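Novice: I'd like to ask you about the structure that follows.
The values are calculated or read from the model by the stated rules, or taken from the named source; none is laboratory data. What you see is a predicted model; the values in this text were computed from it and never measured. Glycine also receives a Cβ, built like all others from the backbone with ideal geometry; neighbour counts cover every protein chain displayed. In case anyone asks, the SASA skips ligands and DNA or RNA and just uses the protein heavy atoms, side chains included. Shrake-Rupley method; radii C 1.70, N 1.55, O 1.52, S 1.80 Å.
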Amino acid sequence: GRLAAMQQRLEAMKSAIARLRTPFETFYESLDDDQKRGLAAFADQRAPFAPRVPAAQSCTPPDALPWPAAEIEAKLHLNDAQREQLGALSRMAAFARNTVNFDCQPDDNLSPPDRLATAETRLDAMLDAIKQVQPALEEFLAMLSDRQKAQFDTIGAKRTS
């Protein structure tokens, strides 16, 4: 359910960018060079709750949320088939993380329209990652008992709270 909610939010953001992109590009092209520089200067002004992430770190997933395979295995007391499926899910999650990182480009020195395009590319990469992980997650969950599923849900809830 959390994965589906994430996908829905990403699709909504992608839709918003699609609606804004052409009018914003038209507006941006109507500006003279001084106005474009003034607009670009806004990129350096961020709210206190949204600190700028250094370019080298902007595409790296936070280490605070590593894939909890060992915790899942320990708490759910998996059998061999479930352990094998968890391994497949872990590999798919790593592949998805690499996909997101590969498609992510730091946005330093990009024009405002280019930053919008970069945001759209990042959203596409995150949506692709969800599509990569979802089948493996569904297969893994299908192998779990109701009790194991409840324990699995507590791991996810604890990590996202």
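Novice: Looking at the structure I just gave you, is residue 51 farther than 20 Å from residue 152 by Cα and modelled with pLDDT under 95? Before you say what the answer is, go through the steps one by one.
Specialist: Working: farther than 20 Å from residue 152 by Cα: yes; modelled with pLDDT under 95: yes.
Yes, satisfied.
Novice: Same structure again: Where residues in region 113-150 are under 28 Å from residue 19 (Cβ atoms) and basic (Lys, Arg), which of them is surrounded by the fewest Cβ atoms within 10 Å (Cβ to Cβ)?
Specialist: Only one residue fits best here, namely 131.
Novice: Could you tell me which residue of region 71-108 is modelled with the lowest pLDDT, considering only residues that are open to solvent by 60 Å² or more (accessible area, probe 1.4 Å) and part of a loop (DSSP other than H, G, I, E, B)?
Specialist: Filtering region 71-108 for residues that are open to solvent by 60 Å² or more (accessible area, probe 1.4 Å) and part of a loop (DSSP other than H, G, I, E, B), the one modelled with the lowest pLDDT comes out as 105.
Novice: At pLDDT below 95, surrounded by 14 or more Cβ atoms within 10 Å (Cβ to Cβ) and over 25 Å from residue 127 (Cβ atoms), is that true of residue 40? If you could, list the steps in order and put the result at the bottom.
Specialist: Values: at pLDDT below 95: yes; surrounded by 14 or more Cβ atoms within 10 Å (Cβ to Cβ): yes; over 25 Å from residue 127 (Cβ atoms): yes.
Answer is yes for this residue.
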